[in-house]
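Remarks on the structure that follows.
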Ligand code: SF4
């Protein structure tokens, strides 16, 4: 490892431990790992042994680290709505199953240095399941989602996360074309519900957050 890589690694670690410490004070069970492979392995280890059903929210990160395939290989009943051709009713049913699963997997759109995080949603199912429903939530968060405070986090949601997600979803929104938010109010708007978690929601038994020293998701 070169001296420059060494310094980058040091910076990521000291920053990550500051965030992990803040998250733990807020009731989250937080960890830092360097790579997405370690994140996938840790997530699999954190799933309680009596788990039958796992719901997966709309998250590029969860797919990017290969967790979906690993869960199926282990025989879990995995529910997620990123399936081509679902009717409106089917999509609603699948999303409700995600909220009712034993474990919910997601990422977040911004994580502050003092341990709060923000999720944005168009339908609301991910926001709902991240706040209430499954007894265990596991959030996996790339280093690119770290922000200094909530104001910057809310800016990031609209001007970093949403433009890329809108483009991924081929939404007809200004941010998908311009790369920044114009506060549109058309029917294609993708950001309709925003959740800020200040502390672990009281009825969630285990709320794990794995911060990863790599860029993941949007
Ligand atoms: S309000 Fe419209 S333009 Fe702004 S981030 Fe949301 S979808 Fe994009």
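Within the set of pairs 6 or more residues apart or between chains, which connect a residue that is under 10 Å from residue 191 (Cβ atoms) inside the range 151-163 to a residue that is near the ligand (Cβ under 8 Å from one of its atoms) and part of a helix (DSSP H, G or I) with Cβ atoms less than 9 Å apart?
That search, which allows pairs on different chains as well, returns 158/175; 162/175; 162/176.
May I ask you to list pairs of residues, at least six apart or on different chains, whose Cβ atoms are under 6 Å apart, with the first in the range 177-197 being over 21 Å from residue 151 (Cα atoms) and without any contact (Cβ under 8 Å) to a residue 60 or more places away in the chain and the second being more than 8 Å from the ligand (Cβ to nearest atom) and in a loop (DSSP other than H, G, I, E, B)?
Qualifying pairs under 6 Å: 188/172.
Tell me whether the range 208-218 contains one or more residues that are more than 26 Å from residue 9 (Cβ to Cβ), in contact with a strand residue (DSSP E or B) (Cβ under 6 Å, 6 or more places away or on another chain), in contact (Cβ under 8 Å) with a residue 60 or more places away in the chain and assigned to a loop (DSSP other than H, G, I, E, B).
no
Of the residues in the range 78-95, how many are outside any helix (DSSP H, G or I) and either modelled with pLDDT of 95 or more or crowded, with 19+ Cβ neighbours inside 10 Å (or both)?
Adding up the residues that qualify gives 4.
Can you tell me which residue is nearest to residue 146 (Cα to Cα) among those in the range 96-105 that are surrounded by fewer than 24 Cβ atoms within 10 Å (Cβ to Cβ) and in contact with a strand residue (DSSP E or B) (Cβ under 9 Å, 6 or more places away or on another chain)?
99
Is it the case that residue 69 is outside any loop (DSSP other than H, G, I, E, B) and surrounded by fewer than 15 Cβ atoms within 10 Å (Cβ to Cβ)?
Against the criterion (outside any loop (DSSP other than H, G, I, E, B) and surrounded by fewer than 15 Cβ atoms within 10 Å (Cβ to Cβ)), residue 69 qualifies.
Somewhere in the range 117-132, is a residue in contact (Cβ under 8 Å) with a residue 40 or more places away in the chain, outside any strand (DSSP E or B) and touching a helix residue (DSSP H, G or I) at 6+ places or on another chain (Cβ under 6 Å)?
The answer is yes; a qualifying residue exists.
Pick out the one residue from 115, 27, 75 that is buried (at least 19 other Cβ atoms within 10 Å of the Cβ), more than 13 Å from the chain's Cα centre (by Cα) and on the phi > 0 side of the Ramachandran plot.
115
The values are calculated or read from the model by the stated rules, or taken from the named source; none is laboratory data. Computed from a predicted structure; not experimentally measured. A quick note on method: Cβ atoms are made from the backbone with ideal geometry, for glycine too, and the neighbour counts reach across all protein chains shown.
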